[in-house]
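Notes follow the structure.
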Amino acid sequence: MSAQKLLVIFATHYGQSALIADRVADEAIASGAEAAVRDVRNASAADLERCDAVVIVASVQSGRHARSVERFVKRNCGRLGSIHSAFISVSGSAARPETLPEADTIVREFFSATGWCPDEYQLVGGAIKLTHYNPLLRFMIKRIWARKGVTMDTKRDYDFTDWDAVKRFAKAFVESETPHRAVA
């Protein structure tokens, strides 16, 4: 198994990426690996030195990934490029087939901006946590979805994450016998 010591780093606004990171770590542990989860704000270069593989999970807000994860990746691009690595991009665009190309464009822009080329990446639908948003954001989200013909109840949350797909991705990543490949 190439990922004996897995580090899962996440950047989140409303908690969905943290939940996904925990699920990735749980699957790694179930597959026999050691796994640690760190918020990107608390992750360090020393954490990366102690692991054999890393998965970074980051949500998209307003068309981009968190600046904190972008800074972390830029600072640690050398180490990230030398170990087995994956990126999970969490967004509303990833939840709908017709908007998957938009989600993929956002990920590719992230890779271009950071210089990181992970071995694998996955687009994962996020969540709309209306009960956590301020009234203005709730109103804006409701209007955006209304234009798409979807009525949303602002008194509940919506989870678009395909948890089985997250589990399959994590299991395949951890059990991968493929060595890290350098991307030119």
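No lab work stands behind these numbers, since they all come straight from the coordinates. In this text, all values refer to a predicted model and were calculated from it rather than measured experimentally. Glycine gets a Cβ as well: all are built from the backbone with ideal geometry, and neighbour counts include every protein chain shown.
Quick notes
- In summary, the lysines within cross-link reach of Lys142, defined as a Cα separation below 27 angstrom excluding same-chain residues under 8 places away, comprise Lys129, Lys155.
- 19 Å cut-off, amide nitrogen to a point 7 angstrom out along Arg67 Cα→Cβ, residues in the stretch 21-39: none
- Peptides 14-26, 161-173 ordered by packing proxy, namely the average of other Cβ atoms within 10 Å per residue, highest first: 14-26, 161-173.
- Dividing the Cα radius of gyration of the stretch 14-57 by 2.2 N^0.38 Å, with N the residue count, gives 1.14.
- Springs join every pair of Cα atoms under 10 Å in this Gaussian network model of the chain, and among Arg108, Arg156, Arg41 the largest mean-square fluctuation is at Arg156.
- One chain, two ends: Val150 and Asn134. Fully extended at 0.36 nm per residue, the span grows by 3.7 nm beyond their Cα-Cα distance.
- Using the alpha carbons alone, the radius of gyration of the chain stands to its Kirkwood radius in an Rg to Rh ratio of 0.98.
- Normalised by the number of residues in the stretch 33-184, the mean separation of alpha-carbon contacts (under 8 Å, six or more apart) gives a relative contact order of 23 percent.
- Counting DSSP beta bridges with both ends in the chain, the antiparallel % (nearest 5): 15
- Here's the list of aspartates and glutamates a cross-link from Lys5 could span, going by alpha-carbon distance under 20 Å and ignoring same-chain residues fewer than 8 apart: Asp22, Asp26, Glu27, Glu34, Asp39, Asp47, Glu49, Asp52, Asp119, Glu120, Glu175, Glu177.
- On Cα atoms only, tilt of 16-30 relative to the major axis of the chain in degrees: 40
- Applying 0.36 nm per residue to the separation of Asn42 and Glu120 and subtracting their alpha-carbon distance, the gain on full extension is 25.7 nm.
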